[in-house]
Amino acid sequence: MLSCTRLTKTYPSGGRDLTVLKDITFEIEAGAFVAITGPSGSGKSTLLGLLAGLDRPSSGTVTLDGHDLSKLDEDGRARLRGAKVGFVFQAFQLIPTLTARENIQVPVELGGGADAEARATELLARVGLGDRGHHYPAQLSGGEQQRVALARAFANRPKVLFADEPTGNLDAGNGGAIIDLLTGWNRDFGTTLILVTHDPDLARRAGRVIRLADGQLLSSTA
Amino acid sequence: MKALRFALTHARREGRAAPRRIILLAATVALGIAALTAINGFTANLRQSIRDQSRALLGADIRLGSRTRFSPVADSLLGVAAKGGDVARVVSFDAMAYAPTTRATRLVDVEAIGAGWPFYGTVRTDPAEAWSRLTTGHVIIVDPSLLASLGVKVGDSVSIGKAKFEVAGTVVEIPGDVTALSAFAPSVYVPVGDAEATGLLGFGARLSYDAYIKLPVGSDVKAAANGVRAPLRTLSISVRTASDDERDLNDSLTKLARYLGLVALAALLLGGIGVASASRELITRRLESIAVLRCLGAPAGTVLLAYLLEAGMIGLVGGIIGVAAGTALQLSVPALLHGMIPVNVHVAADPATIVLGIGLGIWVTMVFALGPLLGIRRVPPLAALRRDAEELIIPRDAARWGARLLLALSVLLLAALQVRSLIVATGFSVALAVAAGSLALVAAGLVRLARLTPARLPYTWRQGLANLHRPANQTASVILALGFGAFVLLTLFLTERSLLSRFAIDTRPDRPDLVFFDIQPDQVDGVRQILKDGGATPASFTPIVPMRIKSLKGSPVTALLTDSTRPARGERPGWALRREYRSTWRDTATASERVTDGRWWHAGAGRAAGAVPISVEEGLANTLGVTVGDTITWDVQGADVVTRVANLRHVEWTRFEPNFFVVFPAGPVDRAPQTLVALTRGNTPAARAALQAAVVSRYSNISAIDASVLADAIARLVSRIALAVRFLALFTLAAGAAVLVGAVAASRRQRLREGVLLKTLGATRAQVMRIAVVEYAALGLLAAVAASGLAIAGAALLARSRFELPLVVPGGALAAVAAGLAALSVIVGLWTGREVFSGTALEELRGE
């Protein structure tokens, strides 16, 4: 489903190159629930960005559902994301100028789908916000916003869902609800779930944990 | 296709989310569109009205015009042209009107009207029946302004030459009359039968004999005119049809209106600059949203398209508002140009102007937004994940240069379409680009300078000045917005002032302020004595000899006139060949002349054998196609004088003194029939009036003009046009203010944060306010200083290249503008950020 080989990322910093990720190789099978953990600055988010094709590696390759990301240009990667990838961010990242419903519709509309409204209605109900679709993000609580974000992430029935510290900005109750929704989707639809977190409790619920430290793969355990 | 559908949907949602921003930007664009629609809609109305009223403009189908009485040959040709239709005769000449009761005099344009004129169009007089009394004789109908300058009323008597008339009424409306021009010499209508009685139709008078023809219904006007054009031309008689008049009037008036449109275009372009800076700011604000869209699978092009379409929607709204407002304003343009247009302009919404206005709104908005919006392509999707990716670097790649080229070409094209002249359009575009570029440089300089704020200044001063260089400062936007508007306004203001000062009465004691002309040689001593008795400075007398060209470089004029096919447009050699030249003789150049080619002759050269050396004005030489060494034979009242062009002269025509196309040396034409012009100085208006009355009551053939009357007339004409220009220039300033509001509003959120933070740290409201005042006053003042500098350069260039006059810089007015701009900047700054100073800043911040 998703694999990376000898993935390395360096940034120029203060006149010299700073290596953020070094020689990362692993493979994730379809339908897996994988947690990527590690201390701050260990390269978790960078790895997530590379796996999702948001950024280009300095060397190494990523293969997503049979597509070599290095062979796609910026727009090609965007189209692949639109079709196969969902995102959940720590800061929710709803588009503030769009209502909850419209936020959910965006991925469907981008793909040219005609059933955007019906799909949004269905997803809003599923995340328990059936009557809040017309609200703007600023009018929703953090937990509600993250549920809308979750609904948006699933709008195109993605094969892979990337979640970057999805509970980082939420209290325990809301965080728990989000994790339940995520794992439910993973279980019910076989969506591959790749979750970045430094919450050990959350990592324990994953089927597999990839640990990073100083940009290097420390361990990859089931 | 699906990309377009998504882009449209997203653009609509984005627009809905920030109505205040949309309305402000649309208003910025609408101001320019409104001004442009008003002036271009009016131009369309004007053209249509001239077309509809062209026959009424001339008052006939054809007019034959001559400087001399029609000969029997001319009369028979007139009969041929008339084809059995009606003919009316009009004789016109300049004369002095003299009111015996008040002893007041005034130079007037006498129109001696024959029965029947005008065949088309209406004459309205006050009282209404006055025009019909004209046929009964011994009455005159006058321009209303004459009553005031002579101090008489309807029913009083006024003398013209040797004849005395009763004022029967005043003119309200008459075909072809440009009332603004009547300020030079108000029109007086007399019966044609009484023209002879004035005794002014003799030698020396500048007479026009016109025959107006009304052809039988259904006749081909063009064919009738063309049938006699060639033979009449050899008799120095011009042939004009109503469509000639229509074309000439259209040429001059629409040209004026089109140039006025450039001022409106400047307002629109400033709106475009506002859109550009708002777009740049929008990307920064929407960076995360754009990154999220990219994460969700939106190709960069789709997102770019969405924001470009949103700009287009703003343009559409601005275009619609602008066109609506402009069409309403169109009603006021005839009032602005009142008295300068000889037709009744029928005001109606012009569909083409409306469609063009809306289209222009969309295009200008999109083309200005495109460059900044290209930055969207560089927003990394990673920015949704990582905050540190936020610093957006917009590379200067090919697409960006392409966008700039498109923008430059668009501006050039819009200007070219407006004035129909690539040279003027290029000058306009370059001037605006230089102005915008210079203002950007000044802003960059200010940012650097603000870093050097001395530490010993009070805290609020340091803080306010520091705001000019902090990240996300509005220095560039504000300087550009205010400076650009002020630049346009000031350039026009300075040009106007320079023009006016050129024509203002010269108060230096050695300069003449009163001129007498048509003086007969035997009246010179009498006039000299009257002036001396009246306390005037001793007059200088200049002789004037009327003459015509007989042959040019060996070719007889008659042959040249029949040969020369009339050029499509521009100069008409026929006019220069046919006209009567009023030349003088002297052996030196005057102060207002400069020899540009060849040399002046030695005194006495005129009495030597061979061709007489003459000096020709350079513009005329160009028209006639002669240069130094060419021969011209003159018909001086029946005597042939062979001359050779000795030199070409540049003449400052605007000087208040007699200037000449052709100057002869003393000798060859001394004894030709001539009149003289006398220049003197009366010093006060009362003295000038008394001198005129004294001369005119003694010699009724002598005319006089008061320099101050002339200056007033010109000032009135210039200020008429200046009013229209200033009216349009105000739109530029308004657009600048709108852009300013937008720029300040864009930084509002950051201001709120800073304000709250400062208050949390213990700053009082007064201190926070003082910081803002310092910042905005500095911005306003600097914008004013930069705009003044640019305007002085621009106006100097304009004054020198277009009007050949030096620039006048009214320092007081410029200082007032600077203070005004600083005040405007402070007011807008404080008003837009008013929540910062209120007690509720924190709630305001939360509510964002």
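Summary of computed values
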quantity	calculated
Test for residue B:220: is it of a type in the set (D, E, K, R), free of Cβ contacts under 8 Å to residues at least 12 places away in the same chain and out of contact with any strand residue (DSSP E or B) (no Cβ under 8 Å at 6 or more places or on another chain)	yes
Test: residue in the stretch A:119-137 that is at the interface with chain B (Cβ under 10 Å from one of its Cβ atoms), under 28 Å from residue A:169 (Cα atoms) and at pLDDT 90 or above	yes
All positions within the stretch B:373-396 that are in contact with a Leu (Cβ under 8 Å, 6 or more places away or on another chain), modelled with pLDDT under 90 and away from every other protein chain (no Cβ under 14 Å)	B:375, B:392, B:394
The stretch B:729-760, residues that are touching a helix residue (DSSP H, G or I) at 6+ places or on another chain (Cβ under 7 Å) and among the basic types (Lys, Arg)	B:748, B:751, B:753, B:759
Given (1) crowded, with 24+ Cβ neighbours inside 10 Å; (2) more than 21 Å from residue A:189 (Cα to Cα), number of the condition residue A:123 does not satisfy	(2)
Test for residue A:91: is it modelled with pLDDT under 90 and within 13 Å of another protein chain (Cβ to nearest Cβ)	yes
Some residue of the stretch B:302-310 being aromatic (Phe, Trp, Tyr) and within 30 Å of residue B:725 (Cβ to Cβ)	no
Count - residues of the stretch B:578-603 that are assigned to a loop (DSSP other than H, G, I, E, B) and hydroxyl-bearing (Ser, Thr, Tyr)	3
Flag if residue A:24 is part of a strand (DSSP E or B) and at pLDDT 90 or above	yes
Residue that is among the small types (Gly, Ala, Ser), in contact (Cβ under 8 Å) with a residue 12 or more places away in the chain and either over 19 Å from residue B:287 (Cβ atoms) or more than 8 Å from chain B (Cβ to nearest Cβ) (or both), where the choices are A:45, A:59	A:59
Test: residue in the stretch A:146-165 that is over 30 Å from residue B:2 (Cα atoms) and not small (Gly, Ala, Ser)	yes
Options B:311, B:335; residue that is assigned to a helix (DSSP H, G or I), away from chain A (no Cβ under 14 Å), without any contact (Cβ under 8 Å) to a residue 12 or more places away in the chain and small (Gly, Ala, Ser)	B:335
All positions within the stretch A:94-114 that are more than 7 Å from chain B (Cβ to nearest Cβ), assigned to a helix (DSSP H, G or I) and either within 16 Å of residue B:8 (Cα to Cα) or among the small types (Gly, Ala, Ser) (or both)	A:100, A:103, A:105, A:108
Any hit, the stretch B:714-731, residues being farther than 26 Å from residue B:339 by Cα and assigned to a helix (DSSP H, G or I)	no
Options B:288, B:246; residue that is touching a residue at least 24 places away in the same chain (Cβ under 8 Å) and within 14 Å of chain A (Cβ to nearest Cβ)	B:288
Verdict on residue B:638 being under 20 Å from residue B:673 (Cα atoms) and at pLDDT below 90	yes
Failed item, numbered, when residue B:301 is tested on (1) within 10 Å of another protein chain (Cβ to nearest Cβ); (2) surrounded by 21 or more Cβ atoms within 10 Å (Cβ to Cβ); (3) part of a helix (DSSP H, G or I)	(2)
Neighbours by Cβ (under 6 Å, 6+ apart or cross-chain): first from the stretch B:10-23, within 14 Å of residue A:103 (Cα to Cα); second polar (S, T, N, Q)	B:14/A:97; B:17/A:97
Candidate set from the stretch A:64-83 (those that are out of contact with any helix residue (DSSP H, G or I) (no Cβ under 7 Å at 6 or more places or on another chain) and touching a residue at least 12 places away in the same chain (Cβ under 8 Å)); member that is farthest from the other protein chains (Cβ to nearest Cβ)	A:70
Residue in the stretch B:256-275 that is more than 14 Å from chain A (Cβ to nearest Cβ), part of a helix (DSSP H, G or I) and touching a Pro at 6+ places or on another chain (Cβ under 7 Å) present	no
One residue from B:549, B:544 being in contact with a Gly (Cβ under 9 Å, 6 or more places away or on another chain), surrounded by 19 or more Cβ atoms within 10 Å (Cβ to Cβ) and modelled with pLDDT of 80 or more	B:544
Helices (runs of 4 or more DSSP H) wholly inside the stretch B:355-467 that include at least 2 residues being loosely packed, with under 15 Cβ neighbours inside 10 Å and of a type outside the set (D, E, K, R)	B:398-419, B:422-450
Restricting the stretch B:5-18 to residues that are touching a Leu at 6+ places or on another chain (Cβ under 7 Å) and more than 11 Å from residue A:111 (Cα to Cα), the residue that is nearest to the other protein chains (Cβ to nearest Cβ)	B:13
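Residues checked against (1) surrounded by 20 or more Cβ atoms within 10 Å (Cβ to Cβ); (2) not basic (Lys, Arg):
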residue: B:191; (1), (2): yes, yes
residue: B:195; (1), (2): yes, yes
residue: B:236; (1), (2): yes, yes
residue: B:251; (1), (2): no, yes
residue: B:265; (1), (2): yes, yes
residue: B:270; (1), (2): yes, yes
residue: B:275; (1), (2): yes, yes
residue: B:281; (1), (2): yes, yes
residue: B:285; (1), (2): no, no
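Matching residues to (1) assigned to a helix (DSSP H, G or I); (2) touching a strand residue (DSSP E or B) at 6+ places or on another chain (Cβ under 8 Å); (3) without any contact (Cβ under 8 Å) to a residue 24 or more places away in the chain:
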{"residue": "A:123", "(1), (2), (3)": "yes, no, no"}
{"residue": "A:128", "(1), (2), (3)": "no, no, yes"}
{"residue": "A:132", "(1), (2), (3)": "no, no, no"}
{"residue": "A:138", "(1), (2), (3)": "yes, no, no"}
{"residue": "A:143", "(1), (2), (3)": "yes, no, no"}
{"residue": "A:146", "(1), (2), (3)": "yes, yes, no"}
{"residue": "A:151", "(1), (2), (3)": "yes, no, no"}
{"residue": "A:156", "(1), (2), (3)": "no, yes, no"}
{"residue": "A:168", "(1), (2), (3)": "no, no, no"}
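Residues are listed down the side, and each one gets a yes or a no for (1) under 21 Å from residue A:37 (Cα atoms); (2) exposed (fewer than 15 other Cβ atoms within 10 Å of the Cβ); (3) not charged (D, E, K, R):
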position: A:117; (1), (2), (3): no, no, no
position: A:137; (1), (2), (3): no, no, yes
position: A:150; (1), (2), (3): yes, no, yes
position: A:166; (1), (2), (3): yes, no, yes
position: A:180; (1), (2), (3): yes, yes, no
position: A:195; (1), (2), (3): yes, no, yes
position: A:198; (1), (2), (3): yes, no, yes
position: A:202; (1), (2), (3): yes, no, yes
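For every residue, the table says whether it meets (1) in contact with a Phe, Trp or Tyr (Cβ under 8 Å, 6 or more places away or on another chain); (2) touching a residue at least 60 places away in the same chain (Cβ under 8 Å).
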position: B:524; (1), (2): yes, yes
position: B:535; (1), (2): no, yes
position: B:541; (1), (2): no, yes
position: B:548; (1), (2): yes, yes
position: B:551; (1), (2): no, yes
position: B:554; (1), (2): no, yes
position: B:557; (1), (2): no, no
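The values are calculated or read from the model by the stated rules, or taken from the named source; none is laboratory data. None of the values given here were measured: they were computed from a predicted structure. Neighbour counts run over all protein chains shown; Cβ positions are idealised from the backbone, glycine included.
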